[in-house]
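The values are calculated or read from the model by the stated rules, or taken from the named source; none is laboratory data. Here the structure is a predicted model, which is why all the values come from computation and not from measurement. Glycine also receives a Cβ, built like all others from the backbone with ideal geometry; neighbour counts cover every protein chain displayed.
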Amino acid sequence: MANVQKRGDAYRIRVSNGHDPVTGTRLYHTMTWKPEPGMTERQIEHELERQKVLFEEKCRRTMVLDDTVRLEVFVERWREEYAVPNLKKTTLALYDELLKRILAAMGHLKLCDITPFHLNAFYANLREDGIRVDYKYRCKVDFRQLLKDNDISRTKLSDYAGVSIATIESVVSGKNVNRTSAEKLCRTMELKLDELFETVGTEKKLSPKTLLHYHRCLSAIFSRAVKWGVMFSNPCERVEPPKLRRKEAASLDEEQAKALLEAVEEKAPLQYHVMVKLMIFSGARRAEVCGLEWGDIDWENDRIHIQRNSLYLPGTGLYEDTTKTESSDRIVKLPKAVMEILEKQRIDQQSKKELIGDAWQEHDKVFTQWNGKPINPSYVSSWLRKFCEKNGLPHTTPHMLRHTSATLLLMQGIPLKAVSSRLGHTLASTTSDIYGHSLRSVEDIAADKLEAMLEPVAQIREGQE
């Protein structure tokens, strides 16, 4: 991005060109532009903006990309020309965070110099103790009382501070939050960070999953460099990626699922009752359920069309995106009982809309806030956690309901391919990897049934002999 400094009656325009690989100092391209005599302030402002754009483009053209370009320079181009237009916002936000450490360690290296040895050394450094910089923060005062003393509700604090309700719930319950959230809350409450929070987990290592995120980020960048003809090969392909042991998906068993359904039917507000049933009977993700619109429901054929996600990202807020993968855009058949409570939700929402009047904000969403605005997905998780605690039910998350749906279907002998399609997985092997424990149980059931079928035949033969 070009910046401008006024020098007497002229202007200096400067564009960054990365860092010197030896000294580490930042390099710049500069030019001087002098207004024509008689130009007005407004004319100067407009022409200066035009000169900035022209010079920046000229610098971009002269920064020829080849294998001798430094990683940090290539990443700037990769991000602007590929990542921003093509990656999902959540993925881009994750990569931006990872790139801070990647560029600090290897940004000065030329692409042609990066080898598996550099990557192995980087991963080894990431595995060291005390390497984490994303320390967590825990409130060291009674936050619930602090809110009462300041006469501020959790909802208002969420709006003022720009953090989710789930984050505030975590602070109230003594759970950890990240530094960004802690700082936002402190600014809003007009307190210093160390007055309200204490740092925890400074001695922890990065998790294997985080290490794998670094590897995938680097591999994505180098793969693009290969496609653009800037690198001959991707060095990540010659490195053993960080190992990640896949955990078995946590889910509710049949009795626990029944207990939850009974509890929400008796005690939960209608909207959350519908959401829980929908997640269990459709296997939809939380973001998919929050993104559901009335137009996505086929009332005649008892089906819903899952075709969008409703997501929340700090700094962006609530936004809509396409489904996780192309396969996630799918049509799911629902039982009559679920369609009936969806109809009740539609009637209830219409009543609220008429009651509120002009304050209702039309978004056509099936699930909304009190005023018709799309619901924040974190609200769903927060409500479900508190509901289960209050009613003595096992700890449950929205994603566990998705796993429960898949597990119960597999336990009933539904073919793996059909379950995979219902969940929106691209490959049946993904479903198999996640729900391997359920498939093993299905094999046991199949073996028992086969034995029960053939055992009488064996007994008859023994009697004949």
**Asked** Failed condition for residue 32, given (1) part of a strand (DSSP E or B); (2) within 26 Å of residue 111 (Cα to Cα); (3) modelled with pLDDT of 75 or more, with all others met?
**Response** (2)
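Okay, residues lined up against (1) over 18 Å from the mean Cα position of the chain (by Cα); (2) under 18 Å from residue 399 (Cα atoms); (3) in contact (Cβ under 8 Å) with a residue 60 or more places away in the chain:
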site	(1), (2), (3)
278	yes, yes, yes
287	no, yes, yes
299	yes, no, no
321	no, no, yes
328	no, yes, yes
335	yes, no, no
343	yes, no, no
**Prompt:** Under the condition of being more than 18 Å from residue 374 (Cβ to Cβ) and touching a Ser or Thr at 6+ places or on another chain (Cβ under 6 Å), which residue from the range 260-301 is surrounded by the fewest Cβ atoms within 10 Å (Cβ to Cβ)?
**Reply:** 280
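If you take the residues in the range 144-165 that are assigned to a loop (DSSP other than H, G, I, E, B) and among the hydroxyl-bearing types (Ser, Thr, Tyr), which one is modelled with the highest pLDDT? Walk me through it before giving the result.
The first filter runs over the range 144-165 and keeps only residues assigned to a loop (DSSP other than H, G, I, E, B), leaving 150-153, 162-164.
Filter once more, so that each one left must be among the hydroxyl-bearing types (Ser, Thr, Tyr): 153, 164.
Values: 153: 88, 164: 82.
If we take residues in the range 144-165 being assigned to a loop (DSSP other than H, G, I, E, B) and among the hydroxyl-bearing types (Ser, Thr, Tyr), then 153 is modelled with the highest pLDDT.
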**Index of the failed condition, residue 365 passing every other in (1) in contact with an Asp or Glu (Cβ under 8 Å, 6 or more places away or on another chain); (2) surrounded by fewer than 17 Cβ atoms within 10 Å (Cβ to Cβ)** = (2)
**Message:** Condition first: touching a Phe, Trp or Tyr at 6+ places or on another chain (Cβ under 8 Å) and assigned to a loop (DSSP other than H, G, I, E, B). Now tell me which residues in the range 262-294 satisfy that.
**Reply:** 268, 292
**Message:** If the requirement is being over 18 Å from residue 298 (Cβ atoms) and either hydroxyl-bearing (Ser, Thr, Tyr) or part of a helix (DSSP H, G or I) (or both), which of these qualifies: 384, 342, 318?
**Reply:** 384
**Prompt:** What pairs can you find where one residue is in the range 82-96 and assigned to a helix (DSSP H, G or I), the other is among the basic types (Lys, Arg), and their Cβ atoms are less than 7 Å apart, with a gap of 6+ or different chains?
**Reply:** 82/224
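Would you point out which residue out of 141, 171 is exposed (fewer than 14 other Cβ atoms within 10 Å of the Cβ), of a type in the set (Val, Ile, Thr) and either touching a His at 6+ places or on another chain (Cβ under 7 Å) or not in a strand (DSSP E or B) (or both)? Can you show your working first?
Working: 171 fails: exposed (fewer than 14 other Cβ atoms within 10 Å of the Cβ).
That would be 141, the only listed residue that is exposed (fewer than 14 other Cβ atoms within 10 Å of the Cβ), of a type in the set (Val, Ile, Thr) and either touching a His at 6+ places or on another chain (Cβ under 7 Å) or not in a strand (DSSP E or B) (or both).
Looking only at the range 326-337, decide whether some residue is farther than 14 Å from residue 305 by Cα and in a helix (DSSP H, G or I). Before the answer, list the steps.
Narrowing the range 326-337 to residues farther than 14 Å from residue 305 by Cα: 335-337.
Narrowing the set further to residues that are in a helix (DSSP H, G or I) leaves 336-337.
There is at least one residue in the range 326-337 that is farther than 14 Å from residue 305 by Cα and in a helix (DSSP H, G or I).
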**Residues (modelled with pLDDT of 90 or more and buried (at least 17 other Cβ atoms within 10 Å of the Cβ)) located in the range 217-234** = 217, 218, 219, 220, 221, 222, 224, 225, 234
